[in-house]
Amino acid sequence: MCLAIPGKIVELFPDQPHLAVIEVSGVRRKVNVDLVRDEVPLAVSDWLLIHVGFAMSRISAEYADEQMRLLTMLGEADQAISELEGYEFDQT
Amino acid sequence: MKYVDEFRDAQLIRQAAAEIRKLARPDKHFRLMEVCGGHTHAIYRFALADLLPGNIELVHGPGCPVCVLPMGRVDDGLSLASDPKVILTVFGDMMRVPGRTGTPLEHKARGADIRMVYSPLDALKLARENPDREVVFFAIGFETTAPSTALTLRQARALGLRNFSVFCNHVTIIPAIRAILDSPGMRIDAFIGPGHVSTVIGCRPYEFITTRYGKPLVTSGFEPLDVLQSIVMILRQLDSGIARVENQYARVVPWEGNIPALKALAEVFELRPYFEWRGLGFISQSALRLNDEYSEWDAEKRFHVPGVRVTDPKAAQCGEVLKGVLKPHQCKLFGRECTPEKPVGALMVSSEGACAAFHNYAVRTGATTAASTGS
Amino acid sequence: MPASQQIRFADAQIEMAHGAGGKASRRLIEGLIAPLMIGPLANPLGDSAIVDVEGVQLAFTADSFVVRPLRFPGGSIGDLAVNGTVNDLAVSGARPVALLVTLILEAGLSAESLEMELRAIASAALNAGVTVVGGDTKVVEHGKADGMYITTAGIGALDNRFVCSSSLVRPGDKVLLSGSIGDHGITILLARGEIDLDADLQSDTRSILPMVDALAGAAGPGVRWMRDPTRGGVASALNELARDAGVAIALSEETIPVRAQVRGACELLGLEPLHIANEGQFVAVVAADYAEMALAAVRGAPGGHEAALIGEVRETPARTVISCSAYGGTRVVDMLVGDPLPRIC
């Protein structure tokens, strides 16, 4: 379930710590950040996961990079073999 | 779009698909259930089944909060809108869900003040701007959305806002999964676990599935690479005969869940002793209502709701599709009496309902499906 | 009653969906309005009607504009009122000549607002090379017209450089899109102020005549079909073609031009760019051997730099529009049911 989108913090409000403006591909939205506030203060350029106007989670660049690394290693050798065998993933 | 585009990389997708083909031993047949409606939607929108070998069958689970809402609760919500003082606020997903006398959109066309909101905070804002009206928020959703409702109620209380209330239909995911596991004749090998619900509840609540039922569960993101990677992780577990909870969506899902969110839930809600789920019947301790501290903002206490039970039309097989016993196109009404334009059941209305997703996205040649949705 | 006049409309009342440009709209038009109201001169429900006046072929069309808010980034209702009708004539293969503008004004509308719109109409007409030759004005009570409703009727001379019809479309033909999609619909959605979204985006309202002229000049004989994808978006226009012509239309997802902000807004709201209204675009089907020439011509015309070839016509799956992803997945792109509704799930 649930449409939640990654957005980057572009503005914070020192006098309103429960709010932040996030941006997704040039679209900005003010969201409530009460659920992601902890000992580590939020900073502009942090990435948050947004759902119905609330930030649900901070996005971890480290985990994302690690995941990309794992994905890059998947099936490399086999992909080459598959293409030779004629699996036509490139058909559009 | 960062954190989106890289997980839709065509080359990496092909590689992941190749890995899946390698891992899915041709002599075996795998039945994997994706619990979340969001995953069902992603699978169809990105046509992921086209990339899977024929012996991997994706079974759609009940994690669609609009789909599992009984028609009677829709009617209850609509009855609130018949009070001229009330502004009923609903999410876009709810606008076309049929009640007995029409959908919220149809009721709106007949003059009911029903407005679409994008956040419960919009409803709160409406209440502040319209002090002479009663604003009711039709809350739906699993644990992903419930904390938002909770925080909104906290604000309402802090503001002393008297003209705002919530008609609460939040449900919890674990009892639904347990109901699937306990269904007789149910054969699921592993679960593609909820992604965004898990940002709130974490991964621990799923451990009983692995220990007591011996099925792997991988909490998964929603981009194509997320789902494919989760399937890789599942297949590896099945191959080694282990059953564990793994977190594929670690960039967003904390193992222990979101503490502020869980605290907010505990502060505002309590579990209903039981709640009716479309297709699954009455399940105990599976839904939320406002607790005594917040009873003043409970629409069911402030207003009278009819509370009538409405059974689905006999011919509609929503329940079986919800449990994954039937595929959408196997329901007798699918594509004929029941279409996204004239839906009989909510699975055809909600964009993440299995039937709507199938109807809208799946390429059908004759009566069969493309690739491996297990027709 | 002759078969063509049989009513096939079972809805008890009119809903917003009937005006959204998708399936419900089509049901209303084909099932009730056309059978009862439309006479034998009409061609099959194209953007304009072709009328033969003593041997001279004229294109004749009307369009209504009921947008809220009246002014938005990139334009206003006045611009839409002219461009919308000019574009309908253009995609029907006609050179727009004259417009009639009917104004339904809400009591309470400021004279200043009206003046702004009249100036917008005049300016857009001048820009499009068309003359407003008359019209009508009515005033209705406060609360009955969202400020202002405009209906524009337009007439044009059929340009023999191309002939458009769904019956001319064949497997192998290519699909040409004039530019980025979704700008107008998302701009309006944001301009309503109901969602807290801010984006640097504006409506694409404009006359498509310069691009259509270029296309006709360079590849006229190869043009098979053309539409301006307003309400219901490119998906609805192509679905209508697929059904009328009995063909399949296969789009290549990554070739479809969508601005980042439109994509971002659609992702945030759970909307599909192919379903969103456009007011300054056309989608055309062109014979394969004319496709590259057609693309180059449109790209060389003012405003056409984002044009792209986005797909092709096939035999199967018939009467369906599909979209193919870069990694080989194929999904159906259905016609919109009602208004695009944002989702949370």
Give, as residue ranges, the strands (runs of 3 or more DSSP E) completely inside region C:143-219 that count at least 1 residues that are within 14 Å of chain A (Cβ to nearest Cβ), touching a residue at least 24 places away in the same chain (Cβ under 8 Å) and farther than 30 Å from B:Leu126 by Cβ. C:174-177
Return the residues of region A:2-17 that are within 12 Å of the chain's Cα centre (by Cα) and among the charged types (D, E, K, R); say none if nothing qualifies. A:Lys8
From the list B:Leu23, B:Leu32, which residue is surrounded by fewer than 22 Cβ atoms within 10 Å (Cβ to Cβ), under 14 Å from B:Val232 (Cβ atoms) and touching a residue at least 60 places away in the same chain (Cβ under 8 Å)? B:Leu23
With criteria (1) at positive phi; (2) of a type outside the set (Ser, Thr, Tyr); (3) modelled with pLDDT of 95 or more, A:Gly75 comes up short on (3)
May I ask you to say which residue of C:Gly328, C:Gly311 is within 14 Å of another protein chain (Cβ to nearest Cβ), outside any helix (DSSP H, G or I) and in contact (Cβ under 8 Å) with a residue 60 or more places away in the chain? C:Gly311
Among all residue pairs at least 6 apart or on different chains, which show Cβ distances below 9 Å where the first residue, located in region C:123-134, is without any contact (Cβ under 8 Å) to a residue 60 or more places away in the chain and the second is in a loop (DSSP other than H, G, I, E, B)? C:Val130/C:Ser207
Looking across region B:4-24 at residues that are more than 8 Å from chain A (Cβ to nearest Cβ) and small (Gly, Ala, Ser), the single one that is nearest to B:Pro53 (Cα to Cα) is B:Ala24
Identify, please: which residue in region A:47-60 is among the hydrophobic types (A, V, I, L, M, F, W, C) and facing another protein chain (nearest Cβ under 8 Å) and is, among those, surrounded by the fewest Cβ atoms within 10 Å (Cβ to Cβ)? A:Ile59
On the given criteria, is A:Gly53 at positive phi, at pLDDT below 90 and not hydroxyl-bearing (Ser, Thr, Tyr)? no
Suppose we keep only residues that are within 12 Å of chain A (Cβ to nearest Cβ) and in a helix (DSSP H, G or I) within region B:79-106. Which one would you say is nearest to B:Glu352 (Cα to Cα)? B:Asp93
Quick one: would you say C:Ala297 is at pLDDT below 95 and touching a helix residue (DSSP H, G or I) at 6+ places or on another chain (Cβ under 6 Å)? no
So which of C:Val258, C:Val262 is more than 20 Å from C:Ser167 (Cβ to Cβ) and surrounded by fewer than 24 Cβ atoms within 10 Å (Cβ to Cβ)? C:Val258
Taking region B:1-11 as the region of interest, how many residues are surrounded by fewer than 23 Cβ atoms within 10 Å (Cβ to Cβ) and either among the aromatic types (Phe, Trp, Tyr) or outside any loop (DSSP other than H, G, I, E, B) (or both)? 6
From C:Val321, C:Val298, residue being of a type outside the set (Ser, Thr, Tyr), buried (at least 24 other Cβ atoms within 10 Å of the Cβ) and in a helix (DSSP H, G or I): C:Val298
Single match in B:His60, B:His41 (criterion: in contact with a strand residue (DSSP E or B) (Cβ under 7 Å, 6 or more places away or on another chain) and either touching a residue at least 24 places away in the same chain (Cβ under 8 Å) or away from every other protein chain (no Cβ under 13 Å) (or both)): B:His60
The lone exception for B:Pro26 - which of (1) part of a loop (DSSP other than H, G, I, E, B); (2) closer than 22 Å to B:Leu265 by Cα it fails: (2)
Among (1) within 14 Å of chain A (Cβ to nearest Cβ); (2) outside any loop (DSSP other than H, G, I, E, B), where does C:Val258 come up short? (2)
Being at the interface with chain C (Cβ under 9 Å from one of its Cβ atoms), of a type in the set (Gly, Ala, Ser) and free of Cβ contacts under 8 Å to residues at least 60 places away in the same chain is the requirement here; does B:Ala109 meet it? yes
Please go through region B:88-104 and give me each residue that is buried (at least 24 other Cβ atoms within 10 Å of the Cβ) and in contact with a helix residue (DSSP H, G or I) (Cβ under 8 Å, 6 or more places away or on another chain), ordered by number. B:Leu88, B:Thr89, B:Val90, B:Met94, B:Arg96, B:Val97, B:Pro104
Count - residues of region A:1-21 that are buried (at least 17 other Cβ atoms within 10 Å of the Cβ) and either away from chain C (no Cβ under 11 Å) or under 29 Å from B:Val35 (Cα atoms) (or both): 10
Is it the case that B:Ile173 is closer than 24 Å to B:Gln285 by Cα and either under 17 Å from the mean Cα position of the chain (by Cα) or touching a residue at least 12 places away in the same chain (Cβ under 8 Å) (or both)? yes
With the structure loaded, tell me whether B:Val305 is within 14 Å of another protein chain (Cβ to nearest Cβ), at pLDDT 85 or above and closer than 30 Å to B:Arg157 by Cα or whether it fails that test. no
Would you say B:Val227 is more than 11 Å from every other protein chain (Cβ to nearest Cβ), of a type outside the set (Ser, Thr, Tyr) and in contact (Cβ under 8 Å) with a residue 60 or more places away in the chain? yes
Please determine, by comparing only the residues of region C:29-63 that are modelled with pLDDT of 90 or more and touching a helix residue (DSSP H, G or I) at 6+ places or on another chain (Cβ under 9 Å), which one is nearest to C:Asp159 (Cα to Cα). C:Ala59
Restricting region C:196-218 to residues that are over 15 Å from the mean Cα position of the chain (by Cα) and among the charged types (D, E, K, R), which is surrounded by the fewest Cβ atoms within 10 Å (Cβ to Cβ)? C:Asp200
Restricting attention to region B:67-78, and to residues there that are assigned to a helix (DSSP H, G or I) and aliphatic (A, V, I, L, M), which single residue is nearest to B:Phe164 (Cα to Cα)? B:Leu78
Collect the residues in region A:22-46 that are away from chain C (no Cβ under 14 Å) and either touching a residue at least 24 places away in the same chain (Cβ under 8 Å) or among the aromatic types (Phe, Trp, Tyr) (or both), keeping them in residue-number order. A:Leu42, A:Ala43, A:Val44, A:Ser45, A:Asp46
Among (1) under 20 Å from the mean Cα position of the chain (by Cα); (2) within 11 Å of chain A (Cβ to nearest Cβ), there is one condition B:Val218 misses while meeting the rest; what is its number? (2)
Against the condition of a type outside the set (Asp, Glu) and over 15 Å from the mean Cα position of the chain (by Cα), how does C:Gly233 come out, does it pass? no
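The values are calculated or read from the model by the stated rules, or taken from the named source; none is laboratory data. Predicted, not measured: the structure shown is a model, and the values here were computed from it. Neighbour counts run over all protein chains shown; Cβ positions are idealised from the backbone, glycine included.
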